[in-house]
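S.K.: Mind looking over this structure? Questions follow.
The values are calculated or read from the model by the stated rules, or taken from the named source; none is laboratory data. This one's a predicted model, so the numbers in the text were calculated from it and none came from an experiment. When we count neighbours, we look across all protein chains shown, and the Cβ atoms used for this are built from the backbone with ideal geometry, even at glycine. Note: areas computed on protein heavy atoms with side chains; ligands, DNA, RNA excluded. Shrake-Rupley method; radii C 1.70, N 1.55, O 1.52, S 1.80 Å.
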Amino acid sequence: MYDVMAIGNALVDHEYVLSDVALEETELTKGNMTLAGIEEQQQLLAYFQLAEIAPSKQAGGGSAANTMFAFASLGGKPFYACRVGDDKQGQFYLQDLHQAGVATSEQSIHAGGVTGSCVVAVTEDGERTMQTYLGTSSDITSDNVNFDALTQADWLYLEGYLAMSESIQPAMTQLRQQAGIHGTKIAVSFADPAVVKFAKDGLLNMLGNKVAVIFCNSEEAKLFTDKKQIKAAARTLLEHCQIAVVTDGAKGAIIAQKPENDSDDIAIHDVAAPTVTKVIDTNGAGDNYAGAFLYALSQHYSLPECGRLASEISGQVIQQFGPRLESQDYQDIARRVLSA
């Protein structure tokens, strides 16, 4: 049995620290993810080398994978479906997940494929800007999904970046249908403003008639709903879900909940963000927030408690380089927050 099954793009992160001026030279949109071909990524890496900007860290990445890493580190049992190559990067990627307690299957390995990679540019304000070469992950299909794992799971977690992939849409539809048959609850993460801007139809396919939870940040929520205020956006998201979780950086988060009887008695919870000494790297903050929140929700904690755990963990993530904490750090934070 699994607490959650997730599906997402498998990427190895390569992090670089640079100035805003250097980032402008790349022509990447700050704070957003840009898809690229292998040649474009090689050109970006060549620019970094010419500018003497050395990589600071290599780590397993991918939005849903980061979420499942946090979920497993907190004590949950996740299964993760993806597509990697049978290369060294793919081996590194899967081993990293297995060591954390995230289950995968052989269906995720594509013979002769090249594992995707993400160049993460972190500026002095801690903002992350990403250029992603999906590699073999761009061809993820139903063949890479272990549908049997879903029959054993309480939750299905869908990563928003997959809204940009046409090849996975039939599997998304099949997963939603199967989840409905087995009573599996669905959570969807919007993942990035670029997803909402350029792949809203794919997101709507993920959401179907309605899901249990939507995770997004304030920019994504406003773009998706065309609302200017975060609480209005959160309320509008409830047209697509029972619980809308909208993060807003240092301002905290809004959790909106619609009653199961679909009445108009909407509950709104404000969750404060923890005090952060210095923001070093926001890469993975939203992913970890979703993973911690979903873990606490799966353990039947209240929505404010879920939000507090998620806020504390994401607040710790942004004070270090890389998208993941050490497993013990997750457990220490949970022990402190959930026992309070």
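S.K.: Which of the listed residues, 275, 26, 317, is farthest toward the dipole's positive end in the chain, when Lys, Arg count +1 and Asp, Glu count -1 at the beta-carbon?
M.R.: Checked the options; the winner is 275.
S.K.: Give the Debye-formula value of log10 I(q)/I(0) at each listed q (0.23 Å⁻¹), with one equal scatterer per alpha carbon of region 121-235, two decimals each.
M.R.: After summing over all Cα pairs, the log10 values are -1.32.
S.K.: At 1.4 Å probe size, with the rest of the protein present, what percent of the exposed accessible area of region 253-327 is carbon and sulfur atoms? Before the final figure, lay out each step's value.
M.R.: Working: 1440 of 3250 Å².
For region 253-327, the apolar C and S fraction of the accessible surface comes to 44 percent.
S.K.: Residue 153's amide H: which non-local residues (gap 5+, or another chain) put their own amide H closer than 5 Å, with H modeled 1.01 Å from N in plane and none for Pro or chain starts?
M.R.: Sorted by chain and number, the residues that satisfy this are 2.
S.K.: In debye to the nearest 20, how big a dipole does region 47-204 give about its Cα centre with +1 on each Lys and Arg Cβ and -1 on each Asp and Glu Cβ?
M.R.: Working: 9 positive and 16 negative charges, 65 e Å.
Dipole about the Cα centre, nearest 20: 320 debye.
S.K.: Further question on the same structure: So, in Å, what gap is there between the alpha-carbon centers of region 1-71 and region 224-253?
M.R.: One Cα centre to the other: 26 Å.
S.K.: Whose amide H sits under 5 Å from the amide H of residue 34, counting only residues 5 or more places off or on another chain, with H placed in the peptide plane?
M.R.: Sorted by chain and number, the residues that satisfy this are 130, 131, 132.
S.K.: Leaving out ligands and nucleic acids, note down the accessible area per residue over the chain with a 1.4 angstrom probe, in whole Å².
M.R.: 43 Å²
S.K.: Bin by bin, in steps of 5 Å, what percent of the Cα pairs in region 1-149 do you find, going until the bin that has the longest distance?
M.R.: P(r) for region 1-149, in whole percents per bin: 2, 10, 19, 21, 17, 14, 10, 6, 2, 0, 0.
S.K.: Another question, if that's okay. Computed from the coordinates I sent, mean projected area of the Cα convex hull in nm² equals one of (i) 20.0; (ii) 15.9; (iii) 18.7. Tell me the label.
M.R.: Of the listed options (i) 20.0; (ii) 15.9; (iii) 18.7, (ii) comes from this structure.
S.K.: Report Rg (one decimal) and Dmax (nearest whole number) for region 198-305, counting Cα atoms only, units Å.
M.R.: Computed over the Cα atoms of region 198-305, radius of gyration and Dmax are 13.9, 43 Å.
S.K.: Still on this structure: What is the set of long-range amide H partners of residue 188 at a cut-off below 5 Å, with H atoms built 1.01 Å from backbone N?
M.R.: Close amide H contacts, sequence-distant or interchain: 158, 213, 214, 215.
S.K.: Within region 228-282, count lysine pairs with alpha carbon atoms under 18 angstrom apart where the residues are 8 or more positions apart or belong to different chains.
M.R.: For region 228-282, the number of qualifying lysine pairs is 4.
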